[in-house]
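Visitor: Structure below; questions to follow.
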Amino acid sequence: MDRGIGPTAALPKALNMATIGQKLRASVRPLGLLGPAGIWLLLLIVLPTLLIGELSLVPGLRPGEAIEGYGLLNYLRILEPTYLQVLQRSATFAMGTTLLCLLLGFPVAYWLALMAPKRWRNLLLVLFILPLWTSSLLRTYAWITLLRRSGVINLVLSTLGLPTQDLMNTPWAVYIGMTYSFLPYMVLILYASLERLDLQLLEAAADLGANPRIAFWRVTVPQTMPGIAAGCLLVFVTSLGDFVVPTLLGGPNSMTISRLIYNQFLGVARNWGFGSALSMVLILMVSLAIALLLKYGDRNPELYS
């Protein structure tokens with residue numbers, strides 16, 4: 001009788017099948033956990049984006065009209081000087097707001113994370129983000145009462161005998177409103193990054209003769225660079241697509257891409273094809289910003305020293 005045939009010979013094969021089954025179950029389990037979120041993203045992000053992409057290729061599409069042909073006329077229209085100026089203004093507002101939030105938010109986050117009394121830090125942080133508990137629309141209307149010619153700021157200036165300023169419907173009003181709206185986001189992200197700062201490296205830098213300015217640029221900034229990049233990305237993306245502040249504070253001379261898209265879908269223009277093309281351009285700008293963060297925002301901090 002051949003001893004290679006029997007229960008003992010089939011045992012390795014059974015073990016291999018059991019191992020393969022375990023590996024399959026281990027690989028399927030994460031897919032099962034990610035399945036609901038994947039379906040959610042597919043239905044609410046991927047499919048609507050594909051629909052907008054299709055509508056953007058239909059020239060002059062208006063509500064109730066049938067799709068008769070496709071082309072790139074909507075995208076070519078964006079290259080007109082008027083619309084390029086709108087894109088440039090939107091990017092300028094977003095970059096200016098991001099820079100202002102970084103310059104104002106970093107000292108605040110630094111003080112909260114490293115200098116404020118520990119027993120008061122959580123309370124101070126809650127007080128700083130307290131405006132986020134109210135609607136952005138209400139906060140913007142509050143700024144209207146402050147910035148208009150008969151507002152609180154001009155009332156104080158006139159009381160002090162200083163010339164009044166009509167800040168409403170100016171780019172400065174947009175910068176003020178957007179910086180106020182998005183500054184807490186920058187502070188929260190920078191605070192989380194600064195809270196994990198290795199203070200021993202600052203002590204080592206001081207022992208090696210580095211003054212506070214050099215230690216800040218060579219130790220503090222490199223360690224918090226991922227937080228800076230994440231905060232700048234969040235503020236840039238949200239301010240790039242902001243609609244409320246430019247509309248209420250900027251006036252007709254501060255047209256942005258979000259307001260232009262609104263006019264194409266719900267305003268007087270009613271050109272869904274062109275509005276979809278503008279939406280795709282906005283999505284492309286946001287995706288480009290995220291791609292730049294993924295490529296350059298997670299480097300080794302030693303590269304910045």
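Visitor: Can you go through Trp217, Trp272 and tell me which one is in the same structural domain as Ser193 (by the TED database), farther than 27 Å from Pro63 by Cα and over 21 Å from the mean Cα position of the chain (by Cα)? Let's see the steps before the verdict.
Guide: On the way: Trp272 fails: farther than 27 Å from Pro63 by Cα.
The match here is Trp217.
Visitor: Listed residues Arg196, Arg139, Arg149; which is open to solvent by 80 Å² or more (accessible area, probe 1.4 Å), within 24 Å of Thr256 (Cβ to Cβ) and touching a Ser or Thr at 6+ places or on another chain (Cβ under 9 Å)?
Guide: Numbers: Arg196 fails: within 24 Å of Thr256 (Cβ to Cβ); Arg139 fails: open to solvent by 80 Å² or more (accessible area, probe 1.4 Å).
That would be Arg149, the only listed residue that is open to solvent by 80 Å² or more (accessible area, probe 1.4 Å), within 24 Å of Thr256 (Cβ to Cβ) and touching a Ser or Thr at 6+ places or on another chain (Cβ under 9 Å).
Visitor: So how many residues does segment 248-305 have that are modelled with pLDDT of 85 or more and within 22 Å of Asn169 (Cβ to Cβ)?
Guide: 13
Visitor: Still on this structure, please answer the following. In a helix (DSSP H, G or I) and more than 25 Å from Phe243 (Cα to Cα): does that describe Leu84?
Guide: Working: in a helix (DSSP H, G or I): yes; more than 25 Å from Phe243 (Cα to Cα): no.
When the stated conditions are applied, Leu84 does not pass them.
Visitor: Given the conditions (1) open to solvent by 80 Å² or more (accessible area, probe 1.4 Å); (2) part of a helix (DSSP H, G or I); (3) out of contact with any Leu (no Cβ under 6 Å at 6 or more places or on another chain), which single one is not true for Ala205?
Guide: Among (1) open to solvent by 80 Å² or more (accessible area, probe 1.4 Å); (2) part of a helix (DSSP H, G or I); (3) out of contact with any Leu (no Cβ under 6 Å at 6 or more places or on another chain), Ala205 violates only (1).
Visitor: Exactly one condition in (1) of a type in the set (A, V, I, L, M, F, W, C); (2) part of a helix (DSSP H, G or I); (3) exposed (fewer than 15 other Cβ atoms within 10 Å of the Cβ) is false for Leu162; which is it?
Guide: Leu162 satisfies all of (1) of a type in the set (A, V, I, L, M, F, W, C); (2) part of a helix (DSSP H, G or I); (3) exposed (fewer than 15 other Cβ atoms within 10 Å of the Cβ) except (2).
Listed here are the residues, each with its yes/no results for (1) of a type outside the set (Asp, Glu); (2) assigned to a loop (DSSP other than H, G, I, E, B); (3) closer than 18 Å to Arg270 by Cβ; (4) not assigned by the TED database to the domain that holds Val244.
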| position | (1), (2), (3), (4) |
| --- | --- |
| Leu41 | yes, no, no, yes |
| Pro48 | yes, no, no, yes |
| Ile52 | yes, no, yes, yes |
| Glu65 | no, yes, yes, yes |
| Glu68 | no, yes, yes, yes |
| Thr92 | yes, no, no, no |
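The values are calculated or read from the model by the stated rules, or taken from the named source; none is laboratory data. Small disclaimer: the values here were computed from a predicted structure and weren't measured. FYI the Cβ positions are ideal-geometry reconstructions off the backbone, even for glycines, and counts take in every protein chain you see. Calculation scope for accessible area: heavy atoms of the full protein, side chains included, ligands and nucleic acids excluded. Shrake-Rupley method; radii C 1.70, N 1.55, O 1.52, S 1.80 Å.
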